[in-house]
Structure formats: C-alpha cells, structure tokens
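This report concerns only the one structure given below.
The values are calculated or read from the model by the stated rules, or taken from the named source; none is laboratory data. In this text, all values refer to a predicted model and were calculated from it rather than measured experimentally. Quick reminder, even Gly has a Cβ in these numbers, built from the backbone with ideal geometry, and neighbours come from all protein chains shown. Note: areas computed on protein heavy atoms with side chains; ligands, DNA, RNA excluded. Shrake-Rupley method; radii C 1.70, N 1.55, O 1.52, S 1.80 Å.
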Amino acid sequence: MPRLRWAAALCAAAVMAVGGVASAAAAPVRHGVSVTGQADYVTAQVDGNTYVLLGPSVFGVTVQQDPLAYRAVKLADGTVRGWWRYDYWEAGQETTFSGPVTCLSVTGNRAWVGGPVTASSDPTQVGLGAWWQVADNGAGRHPVMPDRTTFVGIGTIAQTIAYCNDEPAPHFIFDVQLGGVSVEDLSDTR
C-alpha cells in the first residue's frame, strides 16, 4: 500500500507541474505585470459573451446575436492577442463567424475590437474583417445600466483596423440581454 500512495502522489505532482507549466505558457502576462521580464505586460483586456435579440421594429427583420463571444489582450508593444466567435441570426437563418482578435482599443469602460474572419458558415465572408464595440457598465445581478454591445460589422481588413484606431461612436448600440462584458484599461497599473 505505501508504494501505491507514493505512486499516486508522484502522479498528482506531475499533473500539477505540467498544468502549471501549460498555464504559464498559455498566459505569459498578468494585469500589467511582466512575467518574463520583457515588455509583454497587458495594457488592456476585454472579455465578453453577449446575447441580444431585436424584433423587426429596429432593422425591419428579427436579428439575434446568440452569442458574440470574445477574449483579447493588448500588450505594451501594441500586439493584440485573442479570439472571437459570432453566431448571427437573421429571420431564423444562422450564420457563424470566427477568427483571431488583431485590433483592440480601450478608453474608459469602452472597447473597440476587431479581427479577420478566418472561418464562417458563409464561405464568402472568409478573409473579410469584422469589428464591434462594447461598453462595460458594471457587474452584479441588477446593474443600474446594463452592459452594451453593437452587432458585428463586416468589411475589409483596412476598415477593421481603422475602426479600432479611430474609436468611432456607435451607429447602433444595444443593451446586453444575457451575458456580459468586462473591459479593463491596465495601462496605468505598471
């Protein structure tokens, strides 16, 4: 029996060590603190999983964001890392989009996010750019003002980059009905 306990303890230690190494490799930065000693600290980050359903009174047809999910960080050197996935429904027809997040701007509680479409249920969309913006209005079961999101815009990669860089006001921004947004500007926390 002592041999069995020793073997189990050794296996548990190995799993924890490998898990710790994998976690460190997957996330080399933490809230404005450089883990590697290089200028790789996070200056901004955004996370979201938002659901919005709009009846035909807004766009003439029922549309649904179900969901728009994303996670991205911006490093001190300007590099943006992350991913996004968008399930868009229009008049009962679903179209999916996904790709890496390659641009991110954060000002206060607002974030402008974008990246290329690298996969889609509509192959004509692959290679285009996508962008959206969100407002983080706090957390809790009953926030005074809900988080807000736009629907995703689709266009060229140049339009996507310009959208993040220019931080335009939204044409339409809607209350998040399910899910939420977290926007953090960490540029002053070094």
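The stretch between residue 158 and residue 85, if pulled fully straight at 0.36 nm per residue, gains 24.3 nm over its current Cα-Cα span. Rounded to the nearest 0.05, the FRET efficiency derived from the C-beta distance between residue 144 and residue 94 at R0 = 30 Å is 0.35. Here residue 178 sits with roughly 110 square angstrom of accessible surface, probe radius 1.4 Å.
Extents of the range 111-178, taken as max minus min of Cα coordinates on every principal axis and listed largest first, are 40, 28, 17 Å. Residue separation of residue 49 and residue 62 scaled by 0.36 nm, minus their Cα-Cα distance, works out to 2.7 nm of gained length. Measuring r between the beta carbons of residue 40 and residue 177 and using R0 = 45 Å, the FRET efficiency lands at 0.80.
If you take all other residues with their beta carbon under 15 Å from the beta carbon of residue 87, and give Lys and Arg +1 and Asp and Glu -1, the sum is -3.
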